[in-house]
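Coordinate-derived values only; no laboratory data. Note that the structure is a prediction, hence the values are computed from the model and not measured. Every residue, glycine as well, gets a Cβ built from its backbone with ideal geometry; the counts of neighbours run over all protein chains shown.
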Amino acid sequence: MIRIFPSLRFTSLLSAAKPLCSYSPAKSSTETNSLSITPKTPLFLRTPSHATSLSEVWKWHDWAKDLASSVEESSTNSEDVLDSVILHRELKWLIEDSIVDDPLVILHRSEIADNGEKNVKLRASLEELYDLWRQRIEKRRPFQYVVGCEYWRDLVLCVEEGVLIPRPETELIVDMVEELVTRDEWFKKGFWADLGTGSGAIAIGIAKVLGSRGRVIATDLSPVAVAVAGKNVQRYGLEGMIEVREGSWFEPLKGLEGKLVGLVSNPPYIPSDDIPGLQAEVGKHEPKLALDGGIDGTDSLLHLCYGASQMLQRGGFFVFETNGEKQSKMIVDYMMSNDLKDCFSDLKIVSDFAGINRFVTGFRL
Amino acid sequence: MVLTVLGPLAGRSFAITGKHKLLLLRPTNLPLLRLSLPLPPPQFSSSSSFVSVVFAAQESNLSVSNENETSEWLMQDFYTLRKDVEIASARVEEIRASAGLEQLEQEIANLESKATDTSFWDDRTKAQETLSALNDLKDRMRLLSEFKTMVEDAETIVKLTEEMDSTDVSLLEEAMGIIKELNKSLDRFELTQLLSGPYDKEGAVVYITAGAGGTDAQDWADMLLRMYMRWGEKQRYKTKVVEMSNGEEAGIKSATLEIEGRYAYGYISGEKGTHRIVRQSPFNSKGLRQTSFSGVEVMPLLPEEAVGIEIPEEDLDISFTRAGGKGGQNVNKVETAVRITHIPTGVAVRCTEERSQLANKTRALIRLKAKLLVIAEEQRATEIKEIRGDAVKAEWGQQIRNYVFHPYKLVKDVRTGHETSDITSVMDGDLDPFIKAYLKHKYTLAMASAVTN
């Protein structure tokens, strides 16, 4: 059973950091409740209630392939273009997710001595498949929203509009935690928190490496995210280990001050001015709430740094994802500045697989 | 080529002669039923086709016309048997010829003389190795002799039956049993001799890459992919294209095909190399003659836990496809490709078919290990550390086969010389003659090198 707390506003000691917490006001007007939200079912989990003749599916596939191949010629902006190689791969995955039969009947038509009269079972109507692929290419709707899921580490996570699609870079956070808890069993016993959990990706990844005694609290301000994360937690049967709570950053963690052994977060960190120039899939479709980090992108990160000093117990570990380069340096500088002096040790900047200074890690003194 | 087969053969012949004598005592007009009486009744219905004939005779053994019918039936069965014996005989002949009997004898003699050396037991491990090698060789020799004995026994029965004016069912049945048994042993022998590599039993991963030459080469790679898929289907293997990168105009730049099933790797590993096509280009309006190449790489499809080698982290260069730009939240591209290079040898694999980076990395690592194991085996290295990096540079290795579509039709294997003009069947997956020819060729080479060593 997932306990999803409705948004409660505390006047906690953390409200001292309010100016940094840019999301609180948005919440005060409407009392949203994630319990009333039913997450969408991803394509691959839907019941295959549509039967279509193979030849009709082939026709769709030809059309979709042509559309995917035509993207490069029509595009003028060289920075933000669709890549037809990637689109072809996505098309293959879309077929995998929507057809019950072996996808090869579609992908290797030349191999099949069949005139296409046979019916195949689909998880979406052909009409919807036309629509989905059009959305992908013409509207630049992210592929993960189109199929309703994202493959991340060894997980398949449900995602939908309103929830940030977990990025491959973020997989490294779980790697770091895994390395830590393998080295030191102490970290397996206490409370962990994943703030701004979105789809619940990091929380689930961490719960799996913590083992049966692990406890993770995942929070998010967005009711949609809380509902989706809850669904993902349930899908992996981790209700006993992960608790999804709705609320801004540390607010849902009241009573756990100085008790956490670990704190992780991939907060919004993109500077506001960069938002309009983002890749269409990101800028036009993903939630601003999960991307926009204020003027220099550090609003939430700075709040998290302060919160980490309050919430972590001695020896507790934290890792935050950042926009890289300058920003990670700024965070480390802030953590060594007067406000937080003597709070942390072993502050480190860890780069991602592309060599970008992506993460800041450290321990509570 | 003096063999010890005469002993058992003589004994066998004697036994048959004994039966023959018995047979001669039999009144020629006796119904067949009587003769088959020694057979235990429960086996009648299922043991062989003769038995059902006997039943037919039993029901109406007084009718003369029916008896004629019975002997006709028997004649048919006899002809089938004779044919089977001929085929088995040819097969034994072939196996004995390709096994290199003289080499085998010489080797046994060598090892035996070594074993009698006074200093033989000074190195115990070495001595054990020599003895077990000697045992293996003797076993093989014994099997080869047994095959000859068995086929000769069956031949004798056929000959006797031909000379006699009537048929002895139990004797023919014995011959049938011998042939059945012999064919089984021959199958087993062939398989263990030709497919004795450590990974031969496994499934296979076939990686096809189009060579330089644009659309023509990419189309050629696609044709090869189809050929191997057809071959796999014919063997009743499970085939799956796990990764494919399409060419711009037609065909494919590369594809990875997984073939699941016993001995898939053993059979198809010899396809590794460069495949050359000569044809009139379908992509050139002038229809000029065009030569293109495609590379085929074959690795065993090993289960994760079977790849029992550890590669030190520092020997691996793992690179991920960069989403580009600032990365992180700024970019969302479903680009999860992982490339792993084994630094000491320069062997690299790339994995793009999985939908998450971690999954691609895991799969790439398994594939890299499989690749290194195969290279280690080829170089007779016992450890990955021993692989000579300079020797693995050549990407797909030598050219192994030519496929000429124009001006004449011919598929010819460069290594074995095996050829056929039926290019359509080959492209439809009829690769077995080529595969068998190569396996034999490889076996002969191995035998020859074993002797010189």
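In nanometres, what is the gap between the two model label sites at B:Ala133 and B:Lys436, each 7 Å from Cα along Cα-to-Cβ? Reported label-point gap for B:Ala133 and B:Lys436 is 3.2 nm. In order along region B:234-250, the Karplus-derived 3J(HN,Hα) couplings, from 6.51 cos²θ - 1.76 cosθ + 1.60 at θ = phi - 60°, round to 5, 7, 6, 8, 8, 10, 8, 7, 9, 8, 8, 10, 6, x, 5, 9, 7 Hz, and Gly and Pro are given as x.
For a footprinting-style exposure proxy, rank A:Phe187, B:Phe405, B:Phe147 by other Cβ within 10 Å, fewest first. Intermediate results must be reported in sequence, preceding the final value.
Values: A:Phe187 20, B:Phe405 17, B:Phe147 23.
Ordered by Cβ neighbours within 10 Å, fewest first: B:Phe405, A:Phe187, B:Phe147.
Placing a pseudo-label 7 Å from each Cα along the Cα-to-Cβ vector at B:Ser425 and A:Ser70 gives an inter-label distance of 4.6 nm.
The label-point distance for A:Val350 and A:Lys59, in a model that sets each label 7 Å from Cα toward Cβ, rounds to 5.3 nm.
Report the percentage of all Cα-Cα pairs in region A:164-364 whose separation exceeds 21 Å, rounded to a whole percent. Each step should come with its number before you reach the end.
Working: 9710 of 20100 pairs.
Of the Cα pairs, 48 percent sit more than 21 Å apart.
Here the Karplus relation 6.51 cos²θ - 1.76 cosθ + 1.60, evaluated at θ = phi - 60°, turns the backbone of region B:326-340 into coupling constants of 7, x, x, 5, 5, 10, 9, 10, 7, 10, 10, 4, 10, 10, 10 Hz, with x for every Gly and Pro.
Treat every Asp and Glu Cβ in region A:164-364 as -1 and every Lys and Arg Cβ as +1, leave all other atoms uncharged, and give the resulting dipole magnitude about the Cα centre to the nearest 20 debye.
Numbers: 21 positive and 28 negative charges, 139 e Å.
It works out to roughly 660 debye.
From least to most packed, judged by other beta carbons within 10 angstrom and beginning with the fewest, B:Leu172, B:Leu131 follow the order B:Leu131, B:Leu172.
Quote the FRET efficiency, to the nearest 0.05, computed for B:Ser196 versus B:Ala115 with a Förster distance R0 of 30 Å and r equal to the Cβ-Cβ distance. Mind dumping the intermediate values first?
Details: r = 24 Å, r/R0 = 0.79.
With R0 = 30 Å, the Cβ-Cβ based efficiency is 0.80.
Counting neighbouring beta carbons within 10 Å and listing from fewest to most, the residues A:Asp220, A:Asp299 come out as A:Asp299, A:Asp220. Shielding of peptide A:155-162 by partners, expressed as the average count of other chain Cβ atoms within 10 Å per residue Cβ, is 1. The stretch between B:Leu316 and B:Asp122, if pulled fully straight at 0.36 nm per residue, gains 65.6 nm over its current Cα-Cα span. The mean count of C-beta atoms from other chains within 10 Å of the C-beta of residues in A:282-290, rounded to a whole number, is 1.
Sorted by packing (mean other beta-carbon atoms within 10 Å per residue), highest first, where do A:40-50, A:206-216, B:352-362 land? Kindly include the intermediate steps, with their values, before the conclusion.
Working: A:40-50: 15.9, A:206-216: 18.5, B:352-362: 21.2.
Ranked from most to least packed, the peptides come out as B:352-362, A:206-216, A:40-50.
Shielding value for B:234-247 is 2, the average number of Cβ atoms from other chains within 10 Å of each residue's Cβ.
Quote the FRET efficiency, to the nearest 0.05, computed for A:Asp184 versus A:Asp296 with a Förster distance R0 of 30 Å and r equal to the Cβ-Cβ distance. Mind showing how you got there, number by number?
Working: r = 34 Å, r/R0 = 1.15.
Efficiency computed from Cβ-Cβ geometry: 0.30.
In sequence order, region A:171-176 has phi-based couplings of 4, 4, 4, 5, 4, 5 Hz under the Karplus curve 6.51 cos²θ - 1.76 cosθ + 1.60, θ = phi - 60°, and Gly or Pro positions carry x. So if R0 is 45 Å, what FRET efficiency would A:Lys118 and B:Ala212 give, r being the distance between their Cβ atoms, rounded to the nearest 0.05? Working from the Cβ atoms, E equals 0.65.
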